[in-house]
Each structure stands twice: as structure tokens, then as C-alpha cells.
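Colleague: Mind having a look at this structure? Questions to follow.
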Amino acid sequence: YALSISLGASGAYLAGCGAAPEPTAAPEAAATYEGPIGAQLYTLRSVIDSDPAGVLKGLADIGYEYVEVVQAGFPAVASILGDLGLQPVSMHLTPPIVTGDWDLYGIEKPATGGTLDESLSAAKDAGIEYLVMPYVHPKGRGEDLDFYKQFAATLNATGESCAEAGLKFCYHNH
């Protein structure tokens with residue numbers, strides 16, 4: 001059994017076992033991705049809080065054009081994004097905005113920005129296209145069909161509100 005992945009014209013080779021083959025000639029028309037690229041800022045959560053401007057500048061410097069922001073951290077990065085030419089296209093909502101269960105998440109409901117309507121307005125103002133329900137707390141996950149029917153109804157109602165505001169709603173299923 002051998003696992004191998006050739007990375008084409010670069011001549012790079014990854015093998016589970018066996019010797020690397022001789023590099024092959026570059027294909028006539030190698031496929032390349034020429035579309036825009038973006039980064040999910042949640043993946044940078046361990047570093048972005050200590051230096052938001054530096055982290056975002058690093059993304060812009062290596063060619064990122066778009067970002068998915070986290071709602072709770074968005075006010076701290078909003079003006080920096082604009083200065084660097086990074087466009088926020090989606091936002092992870094704070095889950096209780098959808099579920100209404102602030103205590104379960106151990107989050108105090110903010111005086112402003114803690115409702116779906118406020119979130120829709122802020123997203124539209126920032127040019128964001130997608131709002132994302134990123135997570136359901138394990139203790140907030142039901143064990144029977146009735147729970148999931150109600151949860152689906154909640155997500156559908158949120159999606160309808162987003163659609164009415166000209167936005168798209170996504171559920172990140174974990």
C-alpha cells in the first residue's frame with residue numbers, strides 16, 4: 001500500500017512509503033485559483049486580540065482580501081479592516097442572539113448589539129453578506145426529535161429575518 005500525492009509542476013511529492021518519483025514535466029495548462037481569498041478570523045483567536053492591527057496587516061500583506069469576523073470582536077477590528085482594504089463578508093453571530101439563552105453561554109447580554117435586529121443592521125452597515133450561527137453549546141443540544149424541530153424552526157425564523165434584511169443566514173453544524 002502506498003499513498004502518494006503529486007503537487008504537479010512544483011515537483012513536490014508526499015509519500016506514505018516508497019521513493020519519490022522523478023519530477024514530471026509541467027502540464028500545458030496548470031489549474032490555478034484566481035478568485036478572491038478570505039480568512040476566518042476565529043481561526044486566529046489565540047493571537048488576534050493581542051495585536052489586531054498586526055495580524056490583519058499580515059493577512060492583507062499575503063494577499064487576503066476578505067474576512068469572516070466574530071461579532072463580539074468586530075468593533076475592535078472594523079476600522080482596521082477598512083484601512084487595510086479587507087472586506088468582512090460574513091460574521092459569526094454570538095449564539096444567544098439566535099437561541100436567546102444568554103445564561104447557558106455564560107455571556108451577559110450587551111446593552112446594545114444583543115438583538116437580531118441590531119445584528120442585522122450592523123452587518124448591513126459593514127457590507128457583510130452572511131450571518132452565521134457558529135455553534136450550539138453542548139448543554140443546549142436536545143436529545144429528542146421535538147427539540148430539533150423547534151431548533152430548526154428557530155433557525156428558519158432567523159433565516160427569514162436575514163432574508164428580509166437582504167442578508168443570507170448560515171448554520172455551522174457543530
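Colleague: Quickly work out the residue 76-to-residue 57 label distance, labels modelled 7 Å from Cα along the C-beta direction, and quote it in nm with one decimal.
Modeller: Simple spin-label model gives 1.8 nm for this pair.
Colleague: In whole Hz, with x marking every Gly and Pro, tabulate ³J(HN,Hα) for the stretch 32-44 from phi via Karplus 6.51 cos²θ - 1.76 cosθ + 1.60, θ = phi - 60°.
Modeller: 10, 8, 10, x, x, 10, x, 10, 8, 5, 4, 5, 10
Colleague: At R0 = 30 Å, how high is the FRET efficiency between residue 173 and residue 103 if r is their beta carbon distance? Nearest 0.05 is fine.
Modeller: Computed FRET efficiency for residue 173 and residue 103 comes out at 0.80.
Colleague: Please work out the C-alpha center-to-center distance from the stretch 87-122 to the stretch 125-151 and express it in whole Å.
Modeller: Between the Cα centres of the stretch 87-122 and the stretch 125-151 lies a distance of 12 Å.
Colleague: Considering only protein heavy atoms and a 1.4 Å probe, what is the carbon-and-sulfur percentage of the accessible area of the stretch 35-107?
Modeller: For the stretch 35-107, the apolar C and S fraction of the accessible surface comes to 54 percent.
Colleague: If you don't mind, another one. Scan around residue 87 for amide H atoms under 5 Å from its own, H built in the peptide plane at 1.01 Å from N, and keep only partners 5 or more places away or cross-chain.
Modeller: 66, 67
Colleague: Follow-up. Ignoring ligands, DNA and RNA, what percent of the accessible area of the stretch 115-174 is carbon or sulfur (1.4 Å)? Before the final figure, lay out each step's value.
Modeller: On the way: 1890 of 3710 Å².
Solvent-exposed carbon and sulfur of the stretch 115-174 make up 51 percent of the total.
Colleague: Under the Kirkwood approximation for Rh and a Cα-based Rg, what ratio Rg/Rh is obtained for the stretch 81-167?
Modeller: My calculation of the ratio gives 1.01.
Colleague: I've got another one for you. With every protein chain kept in place and ligands, DNA and RNA left out, what is the accessible area per residue of the stretch 19-171? Probe 1.4 Å, answer in Å².
Modeller: Ligands and nucleic acids excluded, the figure is 61 Å² per residue.
Colleague: Percent of Cα-Cα pairs per 10 Å bin, from 0 to the last occupied bin, for the stretch 62-116, please list those.
Modeller: Bin by bin from 0 Å, the calculated values are 22, 44, 24, 10.
The values are calculated or read from the model by the stated rules, or taken from the named source; none is laboratory data. Here the structure is a predicted model, which means the values were calculated and not measured. Here Cβ is always computed from backbone atoms with ideal geometry, including for glycine, and neighbour counts include all displayed protein chains. For the accessible areas, the whole protein counts, side chains as well, though only heavy atoms, and no ligand, DNA or RNA atoms are used. Shrake-Rupley method; radii C 1.70, N 1.55, O 1.52, S 1.80 Å.
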